[in-house]
Amino acid sequence: MSRPSARIGGKRGEEAGRRQQLLRASARLFREQGYDATSVRDIAAATGMQSGSWVYHFRTKQEILAAVMEEGLAGALARIEAIAQLDLAPRARFRALVRTHLETLLGPGQDFIPVLLYEWRALEPAQRARVIAPQKRYEQVWTETIRELQAGGDWIHPTRADHLLMFGALNWIAHWYRGTGPLDIEQLTDDCVTFFLRTQEPAPPRTRRPRTVAKRARRR
């Protein structure tokens with residue numbers, strides 16, 4: 001006979017799995033159809049749930065939208081905070097942040113952050129507070145790196161609008177990038193870093209043979 005605690009733990013795991021399934025399906029539908037055009041019946045059909053069973057996890061469609069945005073931010077924030085803990089030079093850290101941001105936007109199944117970007121106006125003010133806090137933490141990681149780049153002279157001619165211009169350019173890539181051409185994420189990352197910093201990363205210094213060795217080589 002199974003223990004009660006094991007049954008309870010298994011049930012909680014199943015409910016957590018259903019909640020994640022619901023969030024993934026909702027994120028995909030909100031991104032593809034738009035929040036307003038997506039009904040709770042669409043979400044239930046996409047997850048194989050009965051039309052009213054989603055209420056067990058969320059009371060309203062607004063709560064689903066807020067949870068989708070929170071889920072996307074939680075994953076993205078964990079990834080860039082891990083980068084911030086690494087012992088990287090500011091330019092290398094900035095490149096890692098750019099690549100991770102692009103993967104979060106463009107990777108397969110990554111619908112959460114695009115929903116945050118494109119459906120923010122659909123989120124009611126009462127729900128926004130729970131999303132704004134992690135969003136500010138996400139931006140703070142970038143702010144600290146940009147300050148180091150500015151202090152080191154790698155971020156040329158800083159302005160008060162740097163953050164807005166940078167995120168605007170990065171986030172707009174989700175509108176036009178398809179991943180079917182020659183421009184892969186690696187090359188796109190390099191192009192973005194060069195565009196923002198306006199300089200290419202210096203090549204490693206070339207090693208030279210000692211003059212005595214070179215002379216002996218010529219004599220032979």
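May I ask you to sort 138, 118 by Cβ crowding, counting other Cβ atoms within 10 Å and putting the fewest first?
Placing the least packed residue first, the sequence is 118, 138.
What FRET efficiency, computed as 1/(1 + (r/R0)^6) with R0 = 30 Å and r the Cβ-Cβ distance, is obtained for residue 39 and residue 120, rounded to the nearest 0.05?
0.90
For labels at residue 140 and residue 74 in the simple 7 Å Cα→Cβ model, what's the distance in nm?
1.9
For region 17-157, what are Rg and Dmax over the alpha carbons, in angstrom?
17.4, 58
Just to check I understand the Karplus step: with θ = phi - 60° and J = 6.51 cos²θ - 1.76 cosθ + 1.60, what whole-Hz values come out for region 113-118, glycine and proline as x?
My calculation for region 113-118 gives 5, x, 5, 4, 6, 9 Hz in order.
Kindly list the residues of region 68-90 that lie in the label zone of residue 20, defined by a backbone N under 18 Å from the point 7 Å along the Cα-to-C-beta vector.
68-79, by backbone N distance to the label point.
None of the figures in this text is laboratory data; all of them are computed from the coordinates on show. This is a predicted model, so every value here is computed, not measured. Don't worry about glycine lacking a Cβ; one is built from the backbone with ideal geometry, like all the others, and counts go over all protein chains shown.
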